[in-house]
């Protein structure tokens, strides 16, 4: 599970790579024009790579500047929030429970599954509860915290599903 410290470490690593690349590019730019011309003629593939690296660094720096507030918000968010969002992303990316798939759950089963994980999600409860909305093979309780993270991610999926509806849902 990714922590905010892991996330910050990755951001710092990317920034260090950008700084290293910029230092190397600065050395090249310090060459005289005739040295640069000779280098371009003798090593055209290397110079194309240098141009690509410079464009990549610029794009990364622009992306970082454009999202600086978002990165700050993520890195200072409570770990529970980060874990819930990571679980929701895992449900989509790994389990393939896409928004399109979730939209088919008009029966409120996402919310019902969340309630089951919140209420019964303990490692010693291995049998799916009677009110579990899906096949028992999908019941996968973990430790208490992990089960609550799953419940919160399922609630998030249900809220996202409701937000995509053209009109507010009626009562079941």
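Values computed for the structure shown
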quantity	calculated
Given (1) touching a residue at least 40 places away in the same chain (Cβ under 8 Å); (2) surrounded by 14 or more Cβ atoms within 10 Å (Cβ to Cβ); (3) closer than 11 Å to residue 157 by Cα, number of the condition residue 101 does not satisfy	(1)
Some residue of the range 68-75 being in a loop (DSSP other than H, G, I, E, B) and either loosely packed, with under 12 Cβ neighbours inside 10 Å or under 15 Å from the mean Cα position of the chain (by Cα) (or both)	no
Identity of the residue in the range 4-18, out of contact with any helix residue (DSSP H, G or I) (no Cβ under 9 Å at 6 or more places or on another chain) and under 23 Å from residue 58 (Cβ atoms), that ends up modelled with the highest pLDDT	16
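The values are calculated or read from the model by the stated rules, or taken from the named source; none is laboratory data. In this text, all values refer to a predicted model and were calculated from it rather than measured experimentally. In this analysis, Cβ positions are derived from the backbone assuming ideal geometry, glycine residues included, and neighbour counts consider all displayed protein chains.
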